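Let me begin by presenting the structure, written as structure tokens, before commenting on it.
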Amino acid sequence: MSNSYYNDQDLAKFGDIIDWQPELGKKFFDYYNTVFQEGALTSREKSLIALAVSHTVQCPYCIDAYTKDGIQRGIEESEMMEAVHVAAAIKGGASLVHGVQMMNKAKDLLM
């Protein structure tokens, strides 16, 4: 990511967020690390979910991290792209379903 607001070097500094608030930082990382442990979902499934969510929240750091994580877990390119399409469909649908709210409001205002 050259000449960008986001510096890809900063991803490696993620752990540094604990420096200015150690107690809360530790709690966050304890939680974060627990979430990604094997459970009802495999770590592979969680990586795909994280990749899809990364796109919906548009976090370049997360996209980089979970693309790398997915590749290391043997997730194929087609699986990653399918996950991104699922995220796009949900995000698009969420935007469109709010159109019902707009339609209801417009009906109220135009009556």
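On the stretch given as segment 50-78, residues that are assigned to a helix (DSSP H, G or I), of a type outside the set (S, T, N, Q) and surrounded by 15 or more Cβ atoms within 10 Å (Cβ to Cβ) total 14.
Does A89 satisfy being more than 15 Å from the chain's Cα centre (by Cα), assigned to a helix (DSSP H, G or I) and over 24 Å from D10 (Cβ atoms)? No; evaluated as a whole, the condition is false for this residue. Restricting to segment 8-43, count the residues that are surrounded by 11 or more Cβ atoms within 10 Å (Cβ to Cβ), within 18 Å of the chain's Cα centre (by Cα) and in a loop (DSSP other than H, G, I, E, B). The total comes to 3.
Need pairs with beta-carbon distance below 8 Å; first residue within 19 Å of F14 (Cα to Cα) and within segment 55-83, second outside any helix (DSSP H, G or I) and aromatic (F, W, Y); sequence gap 6+ or separate chains. The qualifying pairs are P60/Y6; Y61/Y6.
FYI, it's all coordinate maths here, none of it is from the lab. Just so we're clear, the structure is a prediction, and the values are computed from it rather than from any experiment. Cβ atoms come from the backbone with ideal geometry, glycine included; neighbour counts cover every protein chain shown.
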